[in-house]
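Taking it in order: structure first as structure tokens, then the write-up.
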Amino acid sequence: MSLADFRFIAVEGPIGVGKSSLARRLADHLGAEGLFESPDENPFLERFYADRAKHALATQLYFLVQRVRQLSPAGQLRLFEGTHVSDYLVDKDPLFAELNLSAEELDIYQEMFRHMRPQLPAPDLVIYLQAPVETLLERIRRRGRSYEKRIDTAYLERLNSAYTEFFYHYDAAALVIVNATDIDWVNNEPDFRQLVHFLDHVHGGRHYFNPLPLHF
């Protein structure tokens with residue numbers, strides 16, 4: 001079995017860790033269809049970072065509907081026609097809801113999620129990218145999205161902890177946990193090849209990839 005044998009691969013991790021960049025590279029490498037979030041299309045996102053309490057529910061529901069629209073056609077085909085790579089895991093979606101919504105808002109969100117989730121396909125490989133908060137902040141700063149300038153250290157620390165807790169218990173698919181602190185799969189081809197080589201030997205279960213940076 002190799003990476004190409006997986007039919008649906010999801011790349012996950014906190015804001016700024018590089019999940020979209022890696023998902024795009026993997027999709028290109030595999031000739032797969034990409035299923036990517038479009039945060040700039042969410043009309044509530046900038047307002048969310050300015051006032052999380054006020055705009056969290058609208059922001060969360062928009063992303064949920066966006067993901068359902070993307071995944072539903074793939075689910076109807078049962079992913080038999082080609083490989084898909086996404087830069088999100090829909091089962092992780094409630095994590096943000098629990099961090100940001102009030103109790104009443106969370107009830108509304110959870111009811112919608114329970115209704116929509118059974119219609120959607122599940123990945124057979126999940127790649128979870130980890131990095132410390134200072135690395136996430138630096139990468140967020142470098143990519144220069146204006147609305148992300150309001151993201152603070154305390155929020156990222158809570159988010160990172162929530163991701164760690166979620167994936168500690170996750171066992172619904174093969175899982176590869178990657179230390180993404182010092183590798184650059186976008187600009188450094190050896191880093192990408194090193195990760196792909198590791199993924200080619202994953203057959204199931206839980207795996208940890210702690211790469212050495214390769215810069216030539």
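Worth pointing out:
- Residue within the stretch 151-160 that is of a type in the set (A, V, I, L, M), within 25 Å of Ala27 (Cα to Cα) and modelled with pLDDT under 95 present: no
- Residues in the stretch 185-195 that are buried (at least 17 other Cβ atoms within 10 Å of the Cβ) and either part of a loop (DSSP other than H, G, I, E, B) or not acidic (Asp, Glu) (or both): 4 in all.
- Flag for Arg143 being at pLDDT below 90 and closer than 16 Å to Lys19 by Cα: yes
- Residues that are surrounded by 13 or more Cβ atoms within 10 Å (Cβ to Cβ) and part of a helix (DSSP H, G or I) within the stretch 113-137 comprise Phe113, Met116, Arg117, Val133, Thr135, Leu136, Leu137, listed in sequence order.
- Neighbours by Cβ (under 6 Å, 6+ apart or cross-chain): first from the stretch 115-134, closer than 30 Å to Ala154 by Cα; second surrounded by fewer than 16 Cβ atoms within 10 Å (Cβ to Cβ) and acidic (Asp, Glu): Val133/Glu157
- Flag if Ala172 is within 23 Å of Ile9 (Cβ to Cβ) and of a type in the set (A, V, I, L, M): yes
- Residue match in the stretch 174-184 (condition: in a helix (DSSP H, G or I) and either in contact with a strand residue (DSSP E or B) (Cβ under 8 Å, 6 or more places away or on another chain) or in contact (Cβ under 8 Å) with a residue 40 or more places away in the chain (or both)): no
- For the residues His55, His29, the requirement of being modelled with pLDDT of 90 or more, over 28 Å from Arg158 (Cβ atoms) and over 17 Å from the mean Cα position of the chain (by Cα) singles out His29.
The values are calculated or read from the model by the stated rules, or taken from the named source; none is laboratory data. Fair warning: this is a prediction, and the values are worked out from it, not measured in the lab. No Cβ is skipped: glycine too gets one built from the backbone with ideal geometry, and neighbour counts run over all protein chains shown.
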